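Read through the structure below, which is laid out as structure tokens, and then see the notes.
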Amino acid sequence: MKHGFARLAAAGICLAAIGCGGGKISTDFFVRFTNNVVDLPGGVDLNLNQEPYAVSVGYGGSTPDYDNLTTGQELYFFDLFRAGTQNIVDSLAEIPRQKQSHHIVAIGAANAGAQQPLARMVPVNVNRNRPGGNNARLIVLHGFVRTGRQSPNVDVLRSGKIAPEISDLPFADFKEFLLAGGTYNFEVRIAGLMSGTLFTKTGVTVEGGKVYLVVIRGIEGGSGVFAPDLQFIEEPLL
């Protein structure tokens, strides 16, 4: 047990649910998980191949590092549940690819209202190689939920530049850009609208040479942890 998560020491272990796949070439495939489902205050449980992988992960919570799933399997099966129950929220099958890192992020609403996006898991392919110079790599995932309306495509802007760094980003999609280390203000707008600000986040320090997953999260009109926000998650470098 680490940081409230029940973890599997996956490397080199044959997972009983699907066997060892004898004779297959093993693949160094890395996985991490973050929960940002906006309407499950009790959190979520995540199973890997029908075994507990991350237990009682609260909103905004992440597994502390990547696991190397070196077992030679052709598929890994992830099932997301309401914490402490067998009520399934979403399922995902992942094909392991050599040296890739997938940060699986749960977003959306488990009890989605009209036009709101249902909760789902999004596997974000993260380049964890150190960026050059004083640059940081920011990988931005759109997981912001509106109240009673569809979540629009968004633009992401930062102080010191008029044009968006990220343009026309759909819900559950992600894009990346490089940014020089420094302290910035960020703005999330409805795509293409000069006055369509959804929310801002000020005074964010970005360090050169690092990689961040940035989740546009929260619910419109939400408060506390569920308020609209940009969650910056530093990724361990390879």
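The values are calculated or read from the model by the stated rules, or taken from the named source; none is laboratory data. Just so it is clear, the model here is predicted, and its values are computed rather than measured. All Cβ positions, glycine included, derive from the backbone under ideal geometry; neighbour counts span all protein chains shown. Heads up: the accessible areas ignore ligands, DNA and RNA and are worked out on the full protein's heavy atoms, side chains in. Shrake-Rupley method; radii C 1.70, N 1.55, O 1.52, S 1.80 Å.
Each row is one residue, and each column tells you yes or no for (1) over 26 Å from PRO117 (Cβ atoms); (2) touching a Gly at 6+ places or on another chain (Cβ under 9 Å).
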| residue | (1), (2) |
| --- | --- |
| ASP173 | no, no |
| ALA180 | yes, yes |
| PHE186 | no, no |
| LEU198 | no, no |
| VAL215 | no, yes |
| PHE226 | no, yes |
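Quick check: anything in segment 114-129 at pLDDT below 95 and out of contact with any Phe, Trp or Tyr (no Cβ under 6 Å at 6 or more places or on another chain)?
yes
Enumerate the pairs (first residue in segment 190-207 and closer than 13 Å to VAL156 by Cβ and assigned to a strand (DSSP E or B); second residue anywhere and of a type in the set (Asp, Glu) and at pLDDT 95 or above) with beta-carbon separation below 7 Å, excluding pairs fewer than 6 apart on the same chain, so at least 6 apart or on different chains. From segment 190-207, the pairs are THR197/GLU187; THR200/GLU187; LYS201/ASP229.
Contact map, segment 225-238: first residue without any contact (Cβ under 8 Å) to a residue 24 or more places away in the chain, second residue surrounded by fewer than 14 Cβ atoms within 10 Å (Cβ to Cβ) and in a loop (DSSP other than H, G, I, E, B), Cβ cut-off under 7 Å, separation 6 or more or different chains; the map is empty. Applying the set (1) β-branched (Val, Ile, Thr); (2) over 22 Å from GLY61 (Cβ atoms); (3) in contact with a Ser or Thr (Cβ under 9 Å, 6 or more places away or on another chain) to THR197 leaves exactly one unmet item: (3). Number of residues in segment 67-115 that are part of a strand (DSSP E or B), open to solvent by 60 Å² or more (accessible area, probe 1.4 Å) and among the polar types (S, T, N, Q) equals 1. Being closer than 25 Å to PRO228 by Cα and either charged (D, E, K, R) or open to solvent by less than 20 Å² (accessible area, probe 1.4 Å) (or both) is a description that applies to LEU46.
Could you check segment 43-66 and list, in sequence order, the residues that are in a strand (DSSP E or B) and on the phi > 0 side of the Ramachandran plot?
At the first step, the residues of segment 43-66 found to be in a strand (DSSP E or B) are 44-48, 51-57, 62.
Result: SER56, single match.
As an exercise: evaluate LEU193 against (1) surrounded by fewer than 13 Cβ atoms within 10 Å (Cβ to Cβ); (2) within 18 Å of the chain's Cα centre (by Cα) and give the number of the one condition it does not meet. Single failed check for LEU193: (2).
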